[in-house]
């Protein structure tokens, strides 16, 4: 059975690509396009995994990751970070729950492998 995954990205093309790839292997997907709504959606949807863009309107991905680590209900949820900015990878190394960092553009096979690994390691 598929897992629940929340995708947070303000680029509709990226969100659609990720959603299609993950739904095609049986996961339940919800999309969020800005940083302001993420924490509420995490509490309502209760996903098994968060795929998070770094550059977002409202609140950036780093601030969201920081907030998640400080939230008792969310702190064990794995994260996959998506970014067009390779240098931002180092910012996320301090977060234990960041399972993968994928640089845009990425290969969907790499994404599926990252999702599989993240879910297996946090089962």
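Values quoted throughout were computed directly from the atomic coordinates according to the rules given, and no laboratory measurement underlies them. What you are looking at is a predicted structure, and each value in this text was computed from that prediction instead of being measured.
Quick notes
- Shape call, segment 70-123: gyration tensor on alpha carbons, a/c limit 1.5: oblate
- Computed over segment 4-121: relative contact order in percent, which uses C-alpha pairs under 8 Å that are six or more apart: 24
- Subtracting the Cα-Cα distance of residue 103 and residue 86 from their residue separation scaled by 0.36 nm leaves 5.5 nm.
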